[in-house]
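Engineer: First the structure, which I've put down as structure tokens, then a few questions once you've had a look.
Values in this text are rule-based calculations from the coordinates and carry no lab data. Since we're looking at a predicted model, the values are computed, not measured. Glycine gets a Cβ as well: all are built from the backbone with ideal geometry, and neighbour counts include every protein chain shown.
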Amino acid sequence: MEYTILILLLPFVSFLFLGLAGMKLRPVVAGAIGTAVLAVVAVLSYTTAWEYFSAGRDAAGLYPTLMPWNTVWLPISGDLHIDLGILLDPISVMMLVVISTVSLMVHIYSFGYMKGERGFQRYYAFLSLFTMSMMGLVVATNIFQMYLFWELVGVSSYLLIGFYYTKPEAIAASKKAFIVTRFADLGFLIGILVHGYYAGTFTFTPAATTLAAGVMIPLALGLMFIGGAGKSAMFPLHIWLPDAMEGPTPVSALIHAATMVVAGVYLVARMFPLFIGYAPEVLHWTAYIGAFTALYAAVVACVQSDIKRVLAFSTISQIGFMIVALGVCTSNDPHTGGLGYMASMFHLFTHAMFKALLFLGAGAIIHAVHSNEMSTMGGLRKYMPLTHITFLVACLAIAGIWPFSGFFSKDEILTACFSFSPVMGWVMTAIAGLTAFYMFRLYYGIFWGRENRELHAEHTPHEAPFTMTLPLLILAAVTCVAGFIPFGQFVSADGLPYTIHIDGSVATLSLCVAVVAIALATWMYAREKQPVADRLAERFSGLHRAAYHRFYIDEVYQFITHRVIFACISTPIAWFDRHVVDGFLNLLATATNGASCLIRQMQSGSVQRYCIWFLGGALGLTILILFIC
Amino acid sequence: MIKMEYYLVVSTILMFVGIYGFVTRRNLLAMLISVELILNSVDINFVVFNRFLFPEQLEGFFFTLFAIGVSAAETAVAIAIIINIYRNIRNIEVKNLREMKW
């Protein structure tokens, strides 16, 4: 399966070509090249998946871990070396399929969405760069290669968030995203180095030396999780993701919903054997962080008015679900406490599809009304039937309604949570209910509810062009059927086949909660007048305002960075640097300068004066020798 | 018989006349002549020491001959430089030579 290297190389070549020669091409040609390359990559990914899974299991009943390419890139010492290569195992193959599918959809969709934008070629170049980096991340053979590509996705995310570089908010958002994730990646890097130093290896599987490393392994894994939490927008490092919505909407769909933000989940899944074997407490802590994040983001999402912000918070919440599912694992065996691993990966898969669909749908809506605000929408179902139907499908999927894909994966997550502890199960069920509620608030706010008639009369919303609706239809179709994929046959914690069976009581409970939440949202938001919602907002105005401002987490960051770190630490350090360090060096320079000015006087250029000095010196020396020695 | 000290007195006088001239003259040619005076005083010393202290050897005489030859060549070079200076700045006053001061 040596051709897998092309999955990385082709987008990279396309990036270089479009980046260097893009401005010479017509935008359509550049876009067509990028999309064609991506189509080839997608075909290659599907072929890889097909070949990999159809090759069958080995004697132990596992899918083999293949490394079609692996070269030592940087030998450090003895056994410790950094490799570059391609690793194929069930989850990386699954991720290849997810990334190439969503990326291809986004490439096609962008033809319509980005039409006529300045920098169309640059946009496609960055998309190629991102696809290459993300593919490299998932097929990494060791933690360090993963880290390299991890930073590359960070860079491409930064470039794409700041795509509209003339807009101050976009620049601020891209900087924020980059700095926050970089800050978290520092933890990741330290974790990698600690792990590499004590366990003596960068590979994902536990080595013989891992056990000897003792307490350092949980520490290293905890630090790595900080990096994952930054990328996956876990509380309190989530602040960059809502702002990242300043980028073009297809970018939000690709990077900030479907692929890059789940890199943290993927990281934990990758390190799962280490987590479960050496640091189960750390794993459970990630579950608590994930659960809190899911709850926080769901509450905030209930009151946001910018549709992309709602989707951003719902993404944070859903990633929280995946982290929780991984965190509640207590063993490797999916039958006894290891179900969460499979559930998490399954949810990652389904979520990527329906969340990309939601974002692309939101993009179509924004394309039609030229605004992100819900107040400019309402009643759009008449104008955009295709978008309406596909959006509804995605909403039903995320709410967890049978037979859409979200139901199956969420059900597995909830089952795993209930088997961990009933409290966790109930909390997650409640958050699932909240999810259904805010998604349908969004849905009704866009397609039903109060219509902004003046605005729509002035500029009638229209259905998106075919290049935009086609990806919506494809993703909607995938969302409808993805739940029936026997996912456990491919991916499970111990690698053995696992047959997914729906737990009746959990499924009934979650369905009931979802239906009740949807009914509530319908009652509150579907009609033209929304007295209940308005009254509730007025009654709990404090809570409403706090949630609308995301519980002031950004302000807390602002306060900590500006008032505490900048004012109390950075300013004194800057003063010390300016006045003490620089001052000392300036003093040296001034003293040297002054001394040379003094000495310069002796260099008069007059030969006769030199001669006098010379004679005087010779005489002095003579006297010295005669009378002293 | 003239004593050695008399020769040395003459050469010392010559030497300090040369130094005095080198320091006080402003004209490059005069300075050059003064340098020649210093050289001559040294030559006299060589000859005198050879003649009075080591009469059976000839190193001092030959060294003097060498010094005269070398100083003749050196003078030629110096004169050439002075002529060039004259061509450039139209005089040979040493105080006017500021081009290569620092």
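Engineer: Could you check, for region A:92-112, whether at least one of its residues is assigned to a strand (DSSP E or B), over 22 Å from the mean Cα position of the chain (by Cα), in contact (Cβ under 8 Å) with a residue 40 or more places away in the chain and more than 14 Å from A:I255 (Cα to Cα)? Full working, then the answer.
Structural biologist: Of all residues in region A:92-112, those assigned to a strand (DSSP E or B) come to none.
No - not one qualifying residue is present in region A:92-112.
Engineer: Buried (at least 17 other Cβ atoms within 10 Å of the Cβ), in contact with a His (Cβ under 7 Å, 6 or more places away or on another chain), of a type in the set (S, T, Y) and part of a helix (DSSP H, G or I): does that describe A:T35?
Structural biologist: Against the criterion (buried (at least 17 other Cβ atoms within 10 Å of the Cβ), in contact with a His (Cβ under 7 Å, 6 or more places away or on another chain), of a type in the set (S, T, Y) and part of a helix (DSSP H, G or I)), A:T35 qualifies.
Engineer: Only one of (1) part of a helix (DSSP H, G or I); (2) farther than 22 Å from A:I91 by Cβ; (3) among the β-branched types (V, I, T) is not met by A:V303, so which one is it?
Structural biologist: Of (1) part of a helix (DSSP H, G or I); (2) farther than 22 Å from A:I91 by Cβ; (3) among the β-branched types (V, I, T), only one is false for A:V303: (1).
Engineer: Could you look through region A:48-74, keep only residues that are part of a helix (DSSP H, G or I) and within 26 Å of the chain's Cα centre (by Cα), and pick out the one that is surrounded by the fewest Cβ atoms within 10 Å (Cβ to Cβ)? Break it down stepwise before answering.
Structural biologist: The initial filter retains those residues of region A:48-74 that are part of a helix (DSSP H, G or I), namely A:48-54.
Filter once more, so that each one left must be within 26 Å of the chain's Cα centre (by Cα): A:48-49.
Values: A:T48: 24, A:A49: 18.
It comes out as A:A49.
Engineer: What about A:F584, is it among the hydrophobic types (A, V, I, L, M, F, W, C), touching a helix residue (DSSP H, G or I) at 6+ places or on another chain (Cβ under 9 Å), more than 14 Å from chain B (Cβ to nearest Cβ) and part of a helix (DSSP H, G or I)?
Structural biologist: no
Engineer: Being assigned to a helix (DSSP H, G or I) and either more than 14 Å from chain B (Cβ to nearest Cβ) or surrounded by 11 or more Cβ atoms within 10 Å (Cβ to Cβ) (or both) narrows it down to one of A:L619, A:L536, so name that one.
Structural biologist: Answer to the selection: A:L536.
Engineer: Something else: Being over 16 Å from A:Q304 (Cα atoms) and either more than 27 Å from the chain's Cα centre (by Cα) or free of Cβ contacts under 8 Å to residues at least 40 places away in the same chain (or both) is the filter here, so list the residues in region A:366-387 that pass it.
Structural biologist: A:A368, A:V369, A:G379, A:L380, A:R381, A:K382, A:Y383, A:M384, A:P385, A:L386
Engineer: A further question on this structure: Could you tell me which residue of region A:75-92 is surrounded by the most Cβ atoms within 10 Å (Cβ to Cβ), considering only residues that are in contact with a Ser or Thr (Cβ under 9 Å, 6 or more places away or on another chain) and under 17 Å from A:Y498 (Cβ atoms)?
Structural biologist: Checked region A:75-92; the qualifying residue surrounded by the most Cβ atoms within 10 Å (Cβ to Cβ) is A:P90.
Engineer: Being within 14 Å of chain A (Cβ to nearest Cβ) and surrounded by fewer than 15 Cβ atoms within 10 Å (Cβ to Cβ) narrows it down to one of B:N91, B:N96, B:N84, so name that one.
Structural biologist: Being within 14 Å of chain A (Cβ to nearest Cβ) and surrounded by fewer than 15 Cβ atoms within 10 Å (Cβ to Cβ) holds for just one of B:N91, B:N96, B:N84, which is B:N96.
Engineer: Please verify whether A:A312 is in contact with a Lys or Arg (Cβ under 7 Å, 6 or more places away or on another chain) and not aromatic (F, W, Y), treating the condition exactly as stated.
Structural biologist: Judged against the criteria, A:A312 is not a match.
Engineer: Another question about this same structure. Between residues in region A:125-146 that are in contact (Cβ under 8 Å) with a residue 24 or more places away in the chain and over 14 Å from A:H107 (Cβ atoms) and residues that are small (G, A, S) and not in a helix (DSSP H, G or I), which pairs lie under 6 Å by C-beta distance while being six or more apart or on different chains?
Structural biologist: A:T141/A:G85; A:M146/A:A140
Engineer: May I ask you to say which residue of A:F576, A:F551, A:F566 is more than 14 Å from chain B (Cβ to nearest Cβ), part of a helix (DSSP H, G or I), in contact (Cβ under 8 Å) with a residue 24 or more places away in the chain and among the aromatic types (F, W, Y)?
Structural biologist: Matching residue, one of A:F576, A:F551, A:F566: A:F551.
Engineer: With the condition kept exactly as written, say whether any residue in region B:36-47 is surrounded by 12 or more Cβ atoms within 10 Å (Cβ to Cβ), within 30 Å of A:R600 (Cβ to Cβ) and either in contact (Cβ under 8 Å) with a residue 40 or more places away in the chain or within 12 Å of chain A (Cβ to nearest Cβ) (or both).
Structural biologist: Within region B:36-47, one or more residues are surrounded by 12 or more Cβ atoms within 10 Å (Cβ to Cβ), within 30 Å of A:R600 (Cβ to Cβ) and either in contact (Cβ under 8 Å) with a residue 40 or more places away in the chain or within 12 Å of chain A (Cβ to nearest Cβ) (or both).
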